[in-house]
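Before any comments, here is the structure.
The values are calculated or read from the model by the stated rules, or taken from the named source; none is laboratory data. These figures come from a predicted structure and were not determined experimentally. With ideal geometry, Cβ positions are generated from the backbone for all residues, glycine too; neighbour counts draw on all protein chains shown. Keep in mind that these areas ignore ligands, DNA and RNA; they rest on the heavy atoms of the full protein, side chains included. Shrake-Rupley method; radii C 1.70, N 1.55, O 1.52, S 1.80 Å.
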Protein chains: 2
Amino acid sequence: MRRSEIRNHLLETALRLFNEHGYHATGVDLIIAEAGVAKTTLYRHFETKEDLILAALERRDEEDRYAMRAFVDAHATDPLGRLLATFDFLEAAVDDQRFRGCIFVSAAGEHKETVDPVFRAAVLHKRLTLAYFEELAYAARLVEPKRIAAEIHLLHEGAMVVAQMSRTAEPVRQAREMARKLLDTAGQSSTPRIPAQRAPADRI
Amino acid sequence: MRRSEIRNHLLETALRLFNEHGYHATGVDLIIAEAGVAKTTLYRHFETKEDLILAALERRDEEDRYAMRAFVDAHATDPLGRLLATFDFLEAAVDDQRFRGCIFVSAAGEHKETVDPVFRAAVLHKRLTLAYFEELAYAARLVEPKRIAAEIHLLHEGAMVVAQMSRTAEPVRQAREMARKLLDTAGQSSTPRIPAQRAPADRI
DNA sequence: GCAAAACGATACAGATCGGTATACAAACCT
DNA sequence: AGGTTTGTATACCGATCTGTATCGTTTTGC
């Protein structure tokens, strides 16, 4: 295994174990055993366990938001449909048998001090996710994009927590339906209408 | 301190520390130090730390649901207003400076196995809370009480998680507004109309 | 091809974990 | 009043925690 591969492998192993057992309950001895790596090696790549946690969360944050973007782009073209497609992405994640709740919410739950770097990393992920929803809401020309995005975000979080307990994807489908109704009654700025422009735009 | 007082004191101390630092991060040595009690005493009241956690969650579950009922009864008379008042109760809880997220969600986040007694205790609390929402939805004669109750529940969970990260009560107010709109468009069975009966009922 | 860096294996440090043992004082019940 | 229970205090158990030190081997970069 090359050096860069080891780092990747350690991050992936740690993320899997953090997701399975939580952060405090996952010792570095377990991580190195599962990764098949010496303890010295782990501590050459990461100064402390907290650094490993932070790097793992950062990695997961990027992966997760990139994957959501890719999924949404592949499953919907119009901005409103894209906002709804985020729930389909979430449903797929929840349907995965490895789903055990949002690792960022769990991280914040185990590191509750607002100055704790782990807590801050979790908050950052949520802020960036919210920013993506705002981006979609702006693109949909909603009259209150920030408010709608915050509502979508709240529905995502609620669906994830309820799904964490029920271990079914039903809450996600319900949240999607709530979002659909919400978007139905949300006002759209009428300047250049999307449907009126779609035909020529599709040809470009 | 009498025997029953010690048990209460231990449960309250443990709940405070679990809320502040989480479950794994709170050792029994810290609990007994903060409670001002010998270790032998703790283990005479609770067989294991897990038993203490379970007893603490059970205690908090009952307190919490009782307090919500009392608050709701005191702040609203009509069933629809009661469903909304649950958010006012939540807002007060979140506004408390000690709020660090839902302790049941954190408990489930640290004990992820569905067979883990702690996980099951967390799930039970959520199920009982949902049952209360259903009770209110039935009383409001909504045409789909279970669906509405589940939606209210999802909004509660979402608001709590977002508030856990933002450390403000704004998400709760937003969730309340979402619930208000949701109830506005929700159908009510028209048999004995509440407004038609309210005047005489108020005099009794 | 050779020095430097990174690796694995192991042993260990010092602290903390949940839980027990022991001995003795205080409070309770009949 | 006296025996049982429940409390405090303290020392201890073995296991586990994060992190380091040592040392020989393998890989890497120039």
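Would it be correct to say that B:R59 is of a type outside the set (F, W, Y), within 14 Å of DNA strand D (Cβ to nearest atom) and open to solvent by 20 Å² or more (accessible area, probe 1.4 Å)? Against the criterion (of a type outside the set (F, W, Y), within 14 Å of DNA strand D (Cβ to nearest atom) and open to solvent by 20 Å² or more (accessible area, probe 1.4 Å)), B:R59 does not qualify.
Which one is surrounded by the most Cβ atoms within 10 Å (Cβ to Cβ), of the residues in segment A:94-110 that are farther than 16 Å from A:H156 by Cβ and within 8 Å of another protein chain (Cβ to nearest Cβ)? Ranking the candidates gives A:G109 first. Considering B:R147, B:R141, B:R167, the condition of being within 21 Å of A:A175 (Cβ to Cβ) and surrounded by fewer than 24 Cβ atoms within 10 Å (Cβ to Cβ) is satisfied by B:R147 alone. Taken over segment A:111-143, residues that are at the interface with chain B (Cβ under 10 Å from one of its Cβ atoms) and among the β-branched types (V, I, T) amount to 2.
Checked against (1) in a helix (DSSP H, G or I); (2) within 8 Å of DNA strand C (Cβ to nearest atom); (3) open to solvent by 70 Å² or more (accessible area, probe 1.4 Å), A:M1 passes all but a single condition, namely (1).
Filtered by the rule that a residue be more than 9 Å from DNA strand D (Cβ to nearest atom) and in contact with an Asp or Glu (Cβ under 6 Å, 6 or more places away or on another chain), segment A:19-30 gives a lone residue, A:G22. Every residue in segment B:25-41 that is buried (at least 17 other Cβ atoms within 10 Å of the Cβ) and within 14 Å of chain A (Cβ to nearest Cβ), please. Residue satisfying the conditions is B:T26 alone. The set of residues in segment A:148-190 being in a helix (DSSP H, G or I), over 30 Å from B:L124 (Cβ atoms) and more than 8 Å from chain B (Cβ to nearest Cβ) consists of A:I148, A:A149, A:R180, A:L183, A:D184.
Answer yes or no as to whether B:V105 is under 15 Å from the mean Cα position of the chain (by Cα), within 17 Å of B:R176 (Cβ to Cβ) and not assigned by TED's automatic domain parsing to the domain that holds B:R16. When the stated conditions are applied, B:V105 does not pass them.
Residues that are surrounded by fewer than 16 Cβ atoms within 10 Å (Cβ to Cβ) and within 9 Å of DNA strand D (Cβ to nearest atom) are absent from segment B:7-18 altogether.
Do we find that B:E34 is within 14 Å of DNA strand C (Cβ to nearest atom), outside any loop (DSSP other than H, G, I, E, B) and charged (D, E, K, R) in this structure? Here the answer is yes, as B:E34 does meet what is asked. Taking every residue in segment A:31-56 that is near DNA strand D (Cβ under 10 Å from one of its atoms) and pairing it with any residue that is open to solvent by 40 Å² or more (accessible area, probe 1.4 Å), at least 6 positions away or on another chain, the pairs with Cβ-Cβ distances below 6 Å are A:I32/A:K39.
Mind checking whether some residue in segment B:58-69 is within 16 Å of DNA strand C (Cβ to nearest atom) and under 20 Å from B:G101 (Cβ atoms)? Scanning segment B:58-69, I find no residue that is within 16 Å of DNA strand C (Cβ to nearest atom) and under 20 Å from B:G101 (Cβ atoms), so the answer is no.
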